[in-house]
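Inspection log for the structure reproduced underneath, given as structure tokens.
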Amino acid sequence: MIVLGLETSCDETAAAVVDGAGRILSQTVLSQVAEHRPYGGIVPEIAARSHLAHLDRLVAKTMADAGASYCDLAGVAATAGPGLIGGVLVGVMTAKAIAAVHKIPFLAVNHLEGHALTARFTDGVEFPYLLLLVSGGHCQLLVVEGVGSYRRLGTTVDDAAGEAFDKVAKMLGLGYPGGPAIERAAKGGDPARFALPRPMKGRPGCDFSFSGLKTAVRQAAETLPPGALVEKDVSDLAASFQAALVEAVSDRVGRALALFRAEYPQGGAFVVSGGVAANTALRAALSERCANEGLSFAAPPVALCTDNAVMIAWAGLERLKLGLIDPLDFKPRPRWPLDPDAAPARGAGVKA
Ligand code: KG4
Ligand code: ZN
């Protein structure tokens with residue numbers, strides 16, 4: 001059973017073919033980073049046009065690399081939201097066309113479900129598990145009980161964790177994308193030089209907040225002599241920021257783990273996924289916390305934490321196995337929460 005997956009919801013154009021045994025037959029990821037870099041962030045219109053320009057060729061190459069023909073496919077999956085709608089439309093229309101021409105099932109995949117199910121593909125993690133989904137657009141703790149079955153324990157009341165990395169990197173002149181740049185700059189930096197807050201630490205609940213931390217970094221930078229920050233300052237600020245964010249996230253995870261364990265005392269696992277899960281310091285802190293609590297820890301390899309089409313093909317395959325096929329008039333969704341019943345986040349900085 002093989003499935004083709006397409007990912008076009010952000011700034012990666014990606015296609016992949018995976019099989020039911022959890023193998024990647026082929027995958028291609030084309031990053032648009034160079035196209036967006038001059039603007040210091042993603043420009044949705046440029047992203048959509050670039051997906052349109054490259055996706056057909058990418059799909060053909062990925063199919064050829066897999067040695068597969070379209071009639072071998074059990075289904076074709078595409079990210080159908082949430083994300084930048086112009087790009088999402090490109091992937092969805094392409095997948096629908098392939099499905100219509102070759103008379104195979106179309107699978108409309110929630111991008112977040114792609115991230116959420118990746119650890120089942122890479123590590124064979126079984127339900128239920130506690131998931132920390134940390135990316136450029138999201139920071140959520142969810143109990144995952146099955147395909148399509150998510151219960152949110154907490155979310156950010158302002159910025160996503162990746163957004164905080166990206167904004168702080170921009171502030172420090174480290175460029176875009178910010179996460180990897182901060183991680184590099186933080187190496188060799190002094191994480192104790194700047195006393196930054198650990199937002200929400202010790203508070204009830206499992207929600208996150210990062211905008212105050214971002215402001216604190218700016219204020220700390222302003223205490224330094226005017227003019228360009230020297231390399232050592234940037235490195236120490238990056239290290240202090242990363243340490244504060246990791247400690248804050250780890251505290252929230254600790255609270256969620258307690259809730260999860262009370263509900264599932266005899267098992268389960270903890271999974272971290274999404275672009276920010278590529279961060280080595282965060283992975284280490286979370287893995288240590290799980291080890292202390294005797295809970296198994298899984299984090300997909302870095303290349304499958306950041307956006308990719310393997311996760312979309314795999315989520316499509318999981319849905320296909322359950323007969324969760326979508327009609328060809330499925331409407332892409334710019335907003336698409338994994339837990340539609342979750343109460344809206346509350347806080348001073350909540351975005352509409
Ligand atoms: O999942 P992803 O590729 O795209 C979204 O769905 O948002 O996540 C991208 C985010 C960006 O904010 C990027 O700065 C962050 O993940 N990121 C990292 C690292 N690599 C990527 N953040 C911290 N450390 C990293 N090594
Ligand atoms: Zn993502």
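Listing for the model above:
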quantity: Failed criterion for VAL168 (all others in (1) surrounded by fewer than 24 Cβ atoms within 10 Å (Cβ to Cβ); (2) within 15 Å of ligand 1 (Cβ to nearest atom); (3) farther than 13 Å from SER209 by Cα hold); calculated: (1)
quantity: Which listed residue is within 15 Å of ligand 1 (Cβ to nearest atom), surrounded by fewer than 23 Cβ atoms within 10 Å (Cβ to Cβ) and touching a residue at least 12 places away in the same chain (Cβ under 8 Å), from ALA216, ALA186, ALA181; calculated: ALA181
quantity: Qualifying residue in the stretch 315-323 (condition: part of a loop (DSSP other than H, G, I, E, B), under 20 Å from ALA160 (Cβ atoms), in contact with a Gly (Cβ under 9 Å, 6 or more places away or on another chain) and more than 16 Å from ligand 1 (Cβ to nearest atom)); calculated: no
quantity: Those residues of the stretch 129-173 which are within 20 Å of ASP307 (Cα to Cα) and among the basic types (Lys, Arg), in sequence order; calculated: LYS167
quantity: The stretch 8-45 - residue that is touching an Asp or Glu at 6+ places or on another chain (Cβ under 9 Å) and β-branched (Val, Ile, Thr) and, of those, surrounded by the fewest Cβ atoms within 10 Å (Cβ to Cβ); calculated: VAL33
quantity: Checking GLU113 against (1) within 16 Å of ligand 1 (Cβ to nearest atom); (2) under 20 Å from LEU52 (Cα atoms), the condition it does not meet; calculated: (2)
quantity: ASP326 closer than 30 Å to GLN27 by Cα, of a type in the set (Asp, Glu), more than 12 Å from ligand 1 (Cβ to nearest atom) and at pLDDT 95 or above; calculated: yes
quantity: Residue in the stretch 292-305 that is among the β-branched types (Val, Ile, Thr) and surrounded by 15 or more Cβ atoms within 10 Å (Cβ to Cβ) present; calculated: no
quantity: Residue among ASP166, ASP190, ASP159, ASP207 that alone is in contact with a helix residue (DSSP H, G or I) (Cβ under 9 Å, 6 or more places away or on another chain), within 22 Å of PHE270 (Cα to Cα) and of a type in the set (Asp, Glu); calculated: ASP207
quantity: Criterion: surrounded by fewer than 20 Cβ atoms within 10 Å (Cβ to Cβ), in contact (Cβ under 8 Å) with a residue 12 or more places away in the chain and either farther than 30 Å from ARG37 by Cβ or assigned by TED's automatic domain parsing to the domain that holds SER135 (or both) - qualifying residue of GLY227, GLY275, GLY205; calculated: GLY205
quantity: The lone exception for PHE165 - which of (1) out of contact with any Ser or Thr (no Cβ under 9 Å at 6 or more places or on another chain); (2) more than 16 Å from ligand 2 (Cβ to nearest atom); (3) farther than 21 Å from GLY323 by Cα it fails; calculated: (2)
quantity: Check on ASP123, of a type in the set (D, E, K, R) and within 16 Å of ligand 2 (Cβ to nearest atom); calculated: no
quantity: Selection from the stretch 70-116 of residues that are touching an Asp or Glu at 6+ places or on another chain (Cβ under 8 Å), over 10 Å from SER9 (Cβ atoms) and part of a strand (DSSP E or B); calculated: PHE106, LEU107, ALA108
quantity: When residues of the stretch 50-84 are limited to those that are charged (D, E, K, R) and closer than 23 Å to LEU328 by Cα, the one farthest from ligand 1 (Cβ to nearest atom); calculated: ASP72
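The values are calculated or read from the model by the stated rules, or taken from the named source; none is laboratory data. What you are looking at is a predicted structure, and each value in this text was computed from that prediction instead of being measured. So basically every Cβ, Gly included, is an ideal-geometry build from the backbone, and we count neighbours across all protein chains shown.
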